[in-house]
Structures are given as C-alpha cells and as structure tokens.
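Beneath this line is the structure, given in structure tokens, with notes to follow.
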Amino acid sequence: MTGSQRSLAKGSAAPGPVPEGVIRLYSMRFCPFAQRAMLVLVAKGIKHEIVNINLKNKPDWFFEKSPLGLVPSIEMSDGKIIYESPIVCDYLDEVFPKNKLTPADPYEKAQQKILLEHFSAVTTAVYKIVYANKEKRDTTEVKAQFFEKYKKLEEALTKRNSPYFGGEAVSMIDYMIWPWFERFIFFDVVEFLEKTPRVNAWYKRMLQDPAVKKTFTDPEILVGFGKLYFQDYVDACDYGLD
C-alpha cells in the first residue's frame with residue numbers, strides 16, 4: 001500500500017519544506033477520505049510524498065497543515081494548503097489536467113456531484129454499524145438502514161446502464177466512493193455486495209484498476225486494524241508495519 005511509513009504523533013518534529021515539484025499528502029493509512037486523494041494522485045501520475053498522521057494522538061504542528069485536524073490535507077512547495085477530500089481531489093484534477101477525471105460536460109459533472117451527495121448518506125449509515133459493533137449492540141436495524149441507502153447505488157448503475165458510475169471508464173466519482181467498498185470487511189457489510197449485482201460487478205472491475213491496486217490495503221490488515229480500533233488502541237494506525 002502507498003505510504004507505509006510510521007505515523008507522526010504528538011511530540012514529533014514537523015517535516016521540512018515540501019520539495020519543488022512534489023505534492024505532500026498528510027494521510028492516515030486506514031482513512032477512506034485520505035485514500036480518495038491517494039487514488040487521484042496515483043491515477044493522474046502526480047509526483048507526491050506521504051506523511052502519515054496518528055489521528056488519535058496528533059502532533060500540535062499538524063493543525064497548521066489541517067486546521068480541522070483531519071486528513072487528507074495537501075501541501076505544496078510554496079506553502080499552500082488544501083484540505084477536505086472532495087476539495088483536494090477537485091483541486092488536483094484542475095491543477096494537473098493530464099488524465100482528467102472530472103467530466104468536461106457541466107451536466108455530467110453535476111450528476112457526479114449529486115451521486116456523491118447521495119453517497120454521503122451511505123457513509124453515515126455504515127458508521128452506525130461500526131459503532132454498534134464497537135459497543136457490541138445488535139446491528140440488524142442499522143444494517144437495514146444502511147441497505148436502504150446503499151441500494152440507491154445499484155439503482156444509479158441500472159439507470160445509467162454503464163460499467164462505472166460515470167460511464168464507460170473510471171472517473172472521479174468511482175474514486176470518491178471506492179475507499180468505503182475496500183473497507184466493506186471492516187464495516188461488516190460484505191454480505192450486501194451479493195444483493196446488488198451491478199455494484200458487485202463494478203466492485204470487481206475496480207479491483208483491477210491500477211490506482212486501486214497501488215493504494216489497496218490487504219483485508220487481513222484491515223481486520224487487524226479494526227480489532228485495535230475497537231479497543232481504542234492509540235497506535236492502531238500503525239498496525240501491520242514491521
């Protein structure tokens with residue numbers, strides 16, 4: 001997986017200036033929001049470096065790089081900072097026009113943003129399952145709520161009748177929603193893939209995408225991280241590193 005160095009935590013020194021011609025990504029190895037930015041960086045062939053942050057024990061200087069204390073945040077060699085994953089990804093696609101991921105057509109671009117808004121309801125629902133599991137509560141009801149939101153993705157692919165959410169090729173919307181699918185085993189919702197054949201076919205296609213392969217985390221590592229995460233282990237973010 002991209003960015004396999006240990007995380008910087010409270011008390012660690014801030015990294016030096018960003019080298020000329022390089023984008024620095026502040027990330028966390030298991031964060032789906034940060035993976036969005038990684039996917040775009042890799043898919044577009046943008047030269048970058050990754051600094052992992054321990055989000056449970058953040059360095060004080062990190063708030064200068066990300067005022068909200070969240071990942072992803074990107075820093076340029078001239079000191080400019082951009083944060084919030086959709087904004088980061090849009091910025092990268094605009095500044096580096098090669099391998100454009102966002103549709104040129106304004107209507108298609110709007111459709112992708114609308115679908116992304118719908119997907120935010122899916123992510124909200126899936127985290128309810130995560131917290132129910134963490135608290136050892138029954139997940140039947142929250143899983144039903146999740147499926148109500150999730151099945152709208154199947155409806156979107158059916159309506160478009162295309163292999164990807166943006167059409168015939170991978171585009172920004174696919175990368176924006178992929179990280180949560182990669183974590184289905186962590187979220188305990190793998191069972192729902194079989195209930196949505198079009199989404200399942202999309203999922204299998206995405207597994208073959210070069211950027212997905214480059215940023216992919218082994219499911220066993222995700223499960224190991226999840227166990228530590230549920231125990232509130234402060235260094236869970238470094239699970240799986242030697």
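State the extension gain, in nm to one decimal, for the chain segment bounded by E49 and M76, taking 0.36 nm per residue of separation less the distance between their alpha-carbons. Intermediate values should be presented prior to the final figure.
Numbers: separation 27, 0.36 × 27 = 9.72 nm, distance 1.07 nm.
Length difference between fully extended and current span is 8.6 nm.
I'd like the accessible area for K109: 1.4 Å probe, protein heavy atoms, all chains in place, Å² to the nearest 10.
80
Could you check how much of the accessible area of region 18-90 is carbon and sulfur, as a whole percent, using a 1.4 Å probe?
On the way: 1420 of 2650 Å².
Summing carbon and sulfur atoms, their accessible area is 54 percent of the total for region 18-90.
Pull up the cross-link candidates among the lysines for K44, meaning alpha carbon to alpha carbon under 25 Å and not fewer than 8 places away within one chain.
Straight-line reach from K44, under 25 Å: K65, K80, K98, K100, K109, K113, K204, K213, K214.
By how many nm would the segment from T123 to Q208 grow when fully extended, if each residue of separation counts as 0.36 nm and the alpha-carbon distance is taken off?
Numbers: separation 85, 0.36 × 85 = 30.60 nm, distance 2.33 nm.
Going from the current span to full extension adds 28.3 nm.
Would you mind checking the radius of gyration and Dmax of the chain based on alpha-carbon positions, in Å?
17.9, 52
To the nearest Å, what is the center-to-center distance of region 185-238 and region 47-96, using C-alpha atoms only?
Here the two parts' Cα centres lie 23 Å apart.
Need the list of lysines near K56 for cross-linking: C-alpha distance under 16 angstrom, and skip anything on the same chain fewer than eight residues off.
Once the sequence-local lysines are set aside, what remains near K56 is K10, K227.
Which value in nm describes the separation of the simple spin-label points at N133 and E191, placed 7 Å from the Cα toward the beta carbon?
Spacing of the two 7 Å Cα→Cβ label points: 1.2 nm.
Which percent of the Cα-Cα distances in region 76-151 go past 19 Å? Could the numbers behind the result be given before it?
Details: 1587 of 2850 pairs.
Summing the P(r) of region 76-151 above 19 Å gives 56 percent of all pairs.
Provide the FRET efficiency to the nearest 0.05 for the K98-A13 pair, computing r from the beta carbons and using R0 = 45 Å.
Working: r = 34 Å, r/R0 = 0.77.
The value I calculate is 0.85.
Quick check: residue separation of E20 and E168 times 0.36 nm, minus the Cα distance between them. What number comes out in nm? Intermediate results must be reported in sequence, preceding the final value.
Numbers: separation 148, 0.36 × 148 = 53.28 nm, distance 3.58 nm.
Difference between extended and current length: 49.7 nm.
Taking θ as phi - 60°, what are the ³J(HN,Hα) couplings along region 76-84 by the Karplus curve (6.51, -1.76, 1.60), each to the nearest whole Hz, with x for Gly and Pro?
Computed from phi, the couplings for region 76-84 are 9, 5, 8, x, 5, 10, 10, 9, 6 Hz.
Give me the distance in nm between label points sitting 7 Å out from Cα along the Cα-to-Cβ direction at Q5 and D105, one decimal.
Result: 4.3 nm between the two label points.
Tell me which aspartates and glutamates have Cα within less than 15 Å of K195's Cα, excluding those fewer than 8 residues away on the same chain?
Within the straight-line cut-off, K195 pairs with E148, E154, E155.
So what's the net charge close to P163: Lys and Arg +1, Asp and Glu -1, counting the other residues with Cβ under 12 Å from its Cβ?
+1
Roughly how many Å² is the accessible area per residue of region 49-162, as a whole number, for a 1.4 Å probe?
On the way: 6350 Å² over 114 residues.
For region 49-162, the per-residue accessible area is 56 Å².
Rounded, prolate or oblate: which fits region 70-210 when a ≥ b ≥ c are the square roots of the eigenvalues of the alpha-carbon gyration tensor, with rounded for a/c under 1.5 and prolate only if a/b beats b/c?
Values: a/c = 2.18, a/b = 1.35, b/c = 1.61.
It comes out oblate by the Cα gyration axes.
Can you give the convex hull volume per residue for the Cα atoms of region 1-119, as a whole number of Å³? Write down the numbers at each step before the final one.
On the way: hull volume 13.1 nm³, N = 119.
Taking only Cα atoms, region 1-119 has a hull volume of 110 Å³ per residue.
The values are calculated or read from the model by the stated rules, or taken from the named source; none is laboratory data. Computed from a predicted structure; not experimentally measured. So basically every Cβ, Gly included, is an ideal-geometry build from the backbone, and we count neighbours across all protein chains shown. The accessibility values were calculated without ligands, DNA or RNA, using every heavy atom of the protein model including side chains. Shrake-Rupley method; radii C 1.70, N 1.55, O 1.52, S 1.80 Å.
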